[in-house]
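A.B. asks: Next up is a structure, given as structure tokens.
The values are calculated or read from the model by the stated rules, or taken from the named source; none is laboratory data. Not measured: the values here are computed from a predicted model. Every residue, glycine as well, gets a Cβ built from its backbone with ideal geometry; the counts of neighbours run over all protein chains shown.
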Amino acid sequence: MNKLSPEKGEEILKYLEGTLELSKKEKLEIELQENQFLKNEMEVQKSIQRFLKRKAVTETPSKTFTQKVMAGLTVRPAATFSPRKGLLLLIGVIIASGLALVLLSNGVFDQTQTTLLVDAAPIKNKWMTLPSLSIPFNGKILVNSIIFLNLGLALILLDRTVLRPLFQKRAAAGY
């Protein structure tokens with residue numbers, strides 16, 4: 001018997017908890033004396049229960065826990081970055097997007113239609129052959145998507161560094 005049946009496992013748990021019927025309890029004790037595997041399983045279950053009982057002790061919070069939590073609710077969180085740094089980052093994003101737009105409108109990226117060849121396999125042998133694969137690649141679309149992402153980032157930075165503080169000051173002043 002190298003595997004413990006679910007019924008026998010349930011019986012061992014009930015035995016350890018003290019909820020097993022008397023007739024089944026006596027039968028199990030006889031089996032434990034005769035079967036070393038079952039005895040080992042009983043010891044494993046005992047050690048698991050001891051471990052769980054040690055970990056089941058709940059910790060009580062300090063007497064001032066509630067006051068500390070309630071006081072922390074009114075504290076404003078620190079700004080993630082200063083408005084000055086955010087404004088500098090916003091200016092940098094706007095300049096980069098403007099330069100990319102100027103280059104794009106002057107046709108610098110018009111000749112970027114190409115294909116990426118994926119022919120060079122790192123391992124070549126007679127049993128493994130990879131098909132020739134080429135991926136059409138349009139640099140103009142890539143540059144346009146980068147510009148749109150920059151503009152989206154610029155709008156978020158504008159909101160966080162300029163508009164939100166401005167409207168918060170106006171709301172605090174009562175306008």
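A.B. asks: Kindly indicate whether any position in region 147-160 is at pLDDT 80 or above, of a type in the set (S, T, N, Q) and either assigned to a loop (DSSP other than H, G, I, E, B) or under 33 Å from the mean Cα position of the chain (by Cα) (or both).
C.D. replies: Yes; the residues of region 147-160 include at least one that is at pLDDT 80 or above, of a type in the set (S, T, N, Q) and either assigned to a loop (DSSP other than H, G, I, E, B) or under 33 Å from the mean Cα position of the chain (by Cα) (or both).
A.B. asks: Then there is this: Go through Lys27, Lys46, Lys14, Lys68 for me and flag whichever is part of a helix (DSSP H, G or I), touching a residue at least 12 places away in the same chain (Cβ under 8 Å) and farther than 30 Å from Asp159 by Cβ. Quick ask: steps written out before the conclusion?
C.D. replies: Details: Lys27 fails: touching a residue at least 12 places away in the same chain (Cβ under 8 Å); Lys14 fails: touching a residue at least 12 places away in the same chain (Cβ under 8 Å); Lys68 fails: touching a residue at least 12 places away in the same chain (Cβ under 8 Å).
None of the others qualify; the one that does is Lys46.
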